[in-house]
Amino acid sequence: MLATVWGGSFVAIEIGLHYFPPLVFAGLRYAVAGSVVLGYAAVATDRWRPRERDEYLAVGVVGAFVIAGYHGLLYLGELRVSGAVASVVVSLSPVLTAGFAAVLLDERLTVPKGVGFALGIVGVGVVAGLNPTSALSASVLGVGLVLLGIACFALGGVLTRPLRTDFPIATMEGWAMLGGSGLLFVAGRIRGESLAAIRLTPTALASFAYLTLFSGVVAYLLYFHLLDELGPTRLNLVGYLEPVVATLASWAVLDELVGPSTLVGFAAIFAGFAVLNRHVVREVAVSVRGSSARGDESVSEDAATGDGTAWSSSAGPADD
């Protein structure tokens with residue numbers, strides 16, 4: 001569900017950019033989403049505002065890098081490349097995170113980490129179609145902006161690691177969204193954007209509503225829940241379903257298809273992630289095989305007994 005909502009957001013951004021200036025678009029989205037998330041935090045958590053120095057620092061880092069830096073550059077990049085292509089570049093996030101952690105947190109840079117990082121960068125180059133004759137083309141510039149954006153996202157995540165606090169995640173995200181939206185408005189003003197340039201149409205409102213309510217509020221709250229259940233490394237696998245959703249949505253809504261080079265580049269990026277997180281990929285594969293085997297056993301039992309309700313809500317495995 002999370003991958004579906006976030007994957008669709010790349011297409012919603014591409015559509016909305018026909019009606020909104022990019023930085024104003026992103027700023028408005030997170031001004032509304034941040035207000036809703038912070039309201040949720042005030043009701044559902046024990047603290048609705050930061051108190052300690054590290055908590056203010058966490059809000060500042062996430063607001064500046066994860067909200068303003070990432071989304072501002074993503075929206076500017078999508079002026080030049082499709083949402084499907086942007087989603088492939090964004091899937092590089094776990095690879096960049098490992099690289100920043102090795103440099104900034106003195107985590108050991110092993111050979112697998114180096115190979116994984118190299119594969120990821122090669123994948124982005126393939127997606128961009130990078131060669132000496134196209135170095136200044138619109139698509140290469142667009143991919144470059146999205147790459148800088150996801151680098152901001154990964155850097156923000158690494159910089160918050162040393163800030164050990166018991167600050168509720170929803171509260172931190174709410175304040176970060178509001179702070180990040182303010183930075184986006186300032187950057188938009190410097191760029192010459194204004195609210196007067198917005199063209200309100202049913203399509204524009206639908207795009208904004210999707211990005212604000214579903215991708216901004218529902219998806220982030222679902223993300224918080226999954227973060228507690230799965231941990232950040234396994235949750236990173238969501239990023240490799242998002243390009244699939246974005247590609248299908250681009251085809252269904254905009255009649256766009258990605259080229260073979262984009263698919264090859266995505267395969268290289270995922271290979272880089274798989275090298276960096278071999279144990280996670282192995283655990284997921286074992287889990288999927290185990291679920292499939294249990295499903296086959298249940299089908300065999302149903303066929304033998306004639307009972308089609310073996311996996312109903314009262315059965316043990318369903319409760320698991």
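Here, each number is a calculation from the coordinates, and none is a lab measurement. This one's a predicted model, so the numbers in the text were calculated from it and none came from an experiment. Reconstructed Cβ throughout: ideal geometry from the backbone, glycine too, with neighbour counts over all protein chains shown.
Counting residues in the stretch 162-216 as N, plug N into 2.2 N^0.38 Å and put the Cα Rg over that result.
Against the compact-globule rule of thumb, the ratio is 1.51.
Computed from backbone phi with θ = phi - 60° and the Karplus coefficients 6.51, -1.76 and 1.60, the 3J(HN,Hα) list for the stretch 255-269 is 6, 10, 10, 7, x, x, 5, 5, 5, 5, x, 4, 4, 5, 5 Hz; x is used for glycine and proline. By the beta-carbon count within 10 Å of each Cβ, the least crowded to most crowded order of Leu2, Leu96, fewest first, is Leu2, Leu96. In terms of surrounding Cβ atoms within a 10 Å radius of their Cβ, Arg289, Arg234 rank from fewest to most as Arg289, Arg234. Shape summary of the stretch 2-306, radius of gyration then Dmax from alpha carbon positions: 20.2, 71 Å. At full extension, Ala118 and Thr201 could sit 25.5 nm farther apart than now, given 0.36 nm per residue minus the alpha carbon distance. Once the stretch 14-123 is represented by equal point scatterers at the alpha-carbon sites, with solvent omitted, what log10 I(q)/I(0) does the Debye formula produce at q = 0.10, 0.12, 0.22, 0.24 Å⁻¹? So the normalised log intensities work out to -0.45, -0.63, -1.16, -1.23.
The length gained by stretching the chain between Asp228 and Ala285 to full extension, at 0.36 nm per residue less their Cα-Cα distance, is 18.4 nm. Ranked by how many other Cβ atoms sit within 10 Å of their own Cβ, fewest first, the residues Tyr223, Tyr70 fall in the order Tyr223, Tyr70. Taking label positions 7 Å along the Cα-Cβ direction at both Asp106 and Arg164, the computed distance is 1.5 nm, reported to one decimal.
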